[in-house]
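Okay, so here's the structure we're looking at.
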Amino acid sequence: MKRSLGVCYYPEHWPEERWPENASRMVEAGLTWVRIGEFAWSRLEPVPGQLDFDWLDRAIATLGGAGLKVVLGTPTATPPRWLLDRHPDMLAVDANGRPRKFGSRRHYCFSHRGYLEECRRIVTLLAERYGRHRYVAAWQTDNEYGCHDSVLSYSDTARSAFREWLAQKYQSPDALNRAWGNIFWSMEYDSFDQIDLPNLTVTEPNPAHVMDFRRFSSDQVVAFNRAQVDILRHHTQAPIAHNYMGRITEFDHFAVGADLDIASWDSYPLGFLSDRLEASDAHRTAFLRQGDPDFQAFHHDLYRAVGRGRWWVMEQQPGPVNWAPYNPAPLPGMVRLWTWEAFAHGAEAVCYFRWRQAPFAQEQMHAGLLRPDNAPAPGFFEAAEVARELDTAHEVNVTGGDVALVFDYASAWAWDTQPQGADFDYFRLVFAWYRALRGLGLNIDILPPDTRDLSNWKVVLVPGLFTLPPALRDALATAGGQVIFGPRANSKTPDFAIPTALPPDLPGLDARVMRVESLPPDAHIPLEEGGAFRHWAEEAEGSAPVILRRADGLPALLGNEKLAYLAGWPSDETLPILLRQLCKNQGIETRALPPALRTRQAGDLRFWFNYSHEALTWGDIEIPAAGVVWVAT
């Protein structure tokens, strides 16, 4: 498949006479796509009902006439001030009861029906005008759902909508009381109208209450997005995308993605290393200007799954950002490396954020491909280099994973609700497994929790899954190799209770978790053959064969060549050893890569990515510092 590059552009930020020059420079740099419009509501509708699309007509004509394909965003992430005057209760409210005020972006509650109707109105107007426009080749809904903690709202409108959601789900308060276990602490309700949102309680709220609120909040995002997609479908044949973010788990991206054609995400490797990843000071220092070697790749694979094979990077960091605790500049070569790594994982397009650094407002310290004075920034030259390489490189095809890893957003909500240990985090757990697999040089497919067929993988890993969905339970019979569950997998019912059968309750596996414990950072439980469990450990029993024991004799891994359960969280040093042996048993070749070197097979090309300050060698292949090399296989 032909891969392409793009950029995010804001014509409303610049004098119109500069648009033609900007467009021609984009084309000369080798860019194909340009995303516009996602924050422009106040210019499209300066006052209620007074619409001004003429400037957008001219901007699209200028960009398209120069040879660019336009991605048009719906502007619903930034409602204008007059809209708040019309709907003063549309603001989201945080868990402490404080409104999220006007003055930046994402200042709306997903449950507010008046705002939803305003969104339907502006999206309809845009779709009617540009749905069949020859230069508008794709659409983006809203912008970065979940960014800035904007999914969970504790507003009056959210409370009313939550009560309606509960009434639809449970039909009667008695059914809800039974499901939630409200006999505990006399929490029983006589009416759905008595149920409040699970915040500002004296001590922790009922976890079943919280879990349903998290499900409801995710459903509100899905419904909000679907309302826009349904309108666009009536007016355009162009593909529709949304741009997700890194390590945002507050809503179910698979459910949102089911209504879309393309999943895209906004990749900011240096910002994410600084503020979204558990890492030692030494790790942050080593990768300060390169980003974590696995964080971007994890999201590439995740969003390939969310998009059912079709995915983009809608925003790629080209220089220092403005929003992290510290904002270093990328090492020379890293913008090129990040771009090629996305293509190796199957991205159809990589778009840089942004074209020119803004000299005003909140993001004036966020670098673009151009400096504020319109001169090229370092990222410009690396993007142009990738564009030239795309013209001459082999076609990059997607290769399926050697192993599969199940990721479930509901599990992230569950263990955030009841972590049991201060550092038990679902994303952290799954990412640890992903990092270990990447360190073994493997291609990884990420699967949704309702996957129905496991026959394509010799190894399927399911760590920390809150509840085993019926579809995945049935799919175990289709597994083509070994499936490993645990730790903490299938340990709750959907109503957030411990199952009577005791977890993991897997078909054909006689194993039961009798007791669990969470461990502080300085504690560990040694394993019999070396290594240790950290963070979390379980005491298991049953007739299933013991594959690996703890040093105290208790089972650590038990099961068979088809299905097994791991009763603890292996340390970062232990997990690669366990996974290497598992792959060996299934005939999967592994490599022991150094921490800064990563690889991926893509069709008949093998890519090598060097996240180090220094050149690295693997066999007879030399990869320059901050470099990427691909070889035909």
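The values are calculated or read from the model by the stated rules, or taken from the named source; none is laboratory data. Fair warning: this is a prediction, and the values are worked out from it, not measured in the lab. As a convention, Cβ positions derive from the backbone with ideal geometry for all residues, glycine included, and neighbour counts pool all protein chains shown.
Each residue in region 52-85 was checked for being surrounded by 15 or more Cβ atoms within 10 Å (Cβ to Cβ) and in a loop (DSSP other than H, G, I, E, B), and 10 of them qualify.
Having 2 or more residues that are among the hydrophobic types (A, V, I, L, M, F, W, C) and closer than 15 Å to D266 by Cα is the bar; report the helices (runs of 4 or more DSSP H) wholly within region 277-379 that clear it. Quick ask: steps written out before the conclusion?
Details: elements: 281-286, 295-306, 334-344.
Ranges flagged: 295-306, 334-344.
Annotation note: Cβ proximity below 6 Å between a residue of region 280-301 that is buried (at least 18 other Cβ atoms within 10 Å of the Cβ) and a residue that is polar (S, T, N, Q) and not in a loop (DSSP other than H, G, I, E, B) (sequence gap 6+ or interchain) occurs for Q296/S267.
The condition of being at pLDDT 95 or above and closer than 24 Å to R428 by Cα holds for only one of W569, W608, that being W569.
I'd like to check something: does region 20-38 contain any residue that is aromatic (F, W, Y), modelled with pLDDT of 95 or more and surrounded by fewer than 21 Cβ atoms within 10 Å (Cβ to Cβ)?
Initial filter on region 20-38 (aromatic (F, W, Y)): 33.
Filter once more, so that each one left must be modelled with pLDDT of 95 or more: 33.
Subsequent filtering for residues that are surrounded by fewer than 21 Cβ atoms within 10 Å (Cβ to Cβ) retains none.
No - not one qualifying residue is present in region 20-38.
Table: residues versus (1) outside the structural domain of F295 (by TED's automatic domain parsing); (2) acidic (D, E); (3) closer than 21 Å to E278 by Cβ.
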| position | (1), (2), (3) |
| --- | --- |
| D408 | yes, yes, yes |
| D425 | yes, yes, yes |
| L437 | yes, no, yes |
| L447 | yes, no, no |
| D450 | yes, yes, no |
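Of all residues in region 300-316, those being small (G, A, S) and at positive phi number 1. Here are L527, L593: which of them is outside the structural domain of V462 (by TED's automatic domain parsing), surrounded by 14 or more Cβ atoms within 10 Å (Cβ to Cβ) and either in contact (Cβ under 8 Å) with a residue 24 or more places away in the chain or of a type in the set (A, V, I, L, M) (or both)? After applying the criteria, what remains is L593.
A quick yes/no check of all residues on (1) in contact with a Pro (Cβ under 6 Å, 6 or more places away or on another chain); (2) under 26 Å from N397 (Cβ atoms); (3) surrounded by fewer than 16 Cβ atoms within 10 Å (Cβ to Cβ); (4) of a type in the set (G, A, S):
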| position | (1), (2), (3), (4) |
| --- | --- |
| S543 | no, no, yes, yes |
| D552 | no, no, yes, no |
| L558 | no, no, no, no |
| I577 | no, no, no, no |
| D604 | no, yes, yes, no |
| I621 | no, yes, yes, no |
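Residues of region 108-129 being out of contact with any helix residue (DSSP H, G or I) (no Cβ under 7 Å at 6 or more places or on another chain) and either surrounded by fewer than 20 Cβ atoms within 10 Å (Cβ to Cβ) or under 22 Å from S264 (Cα atoms) (or both), which ones? Let's see the steps before the verdict.
To start, the set of residues in region 108-129 that are out of contact with any helix residue (DSSP H, G or I) (no Cβ under 7 Å at 6 or more places or on another chain) comprises 113-115, 117, 121, 125-126, 128-129.
Scanning region 108-129 gives R113, G114, E117, R121, L125, L126, E128, R129.
Scanning region 3-43 for residues that are over 20 Å from A342 (Cβ atoms) and not in a helix (DSSP H, G or I), we see that the one that is farthest from the chain's Cα centre (by Cα) is P15. Each residue in region 606-617 was checked for being surrounded by 17 or more Cβ atoms within 10 Å (Cβ to Cβ) and outside any loop (DSSP other than H, G, I, E, B), and 6 pass.
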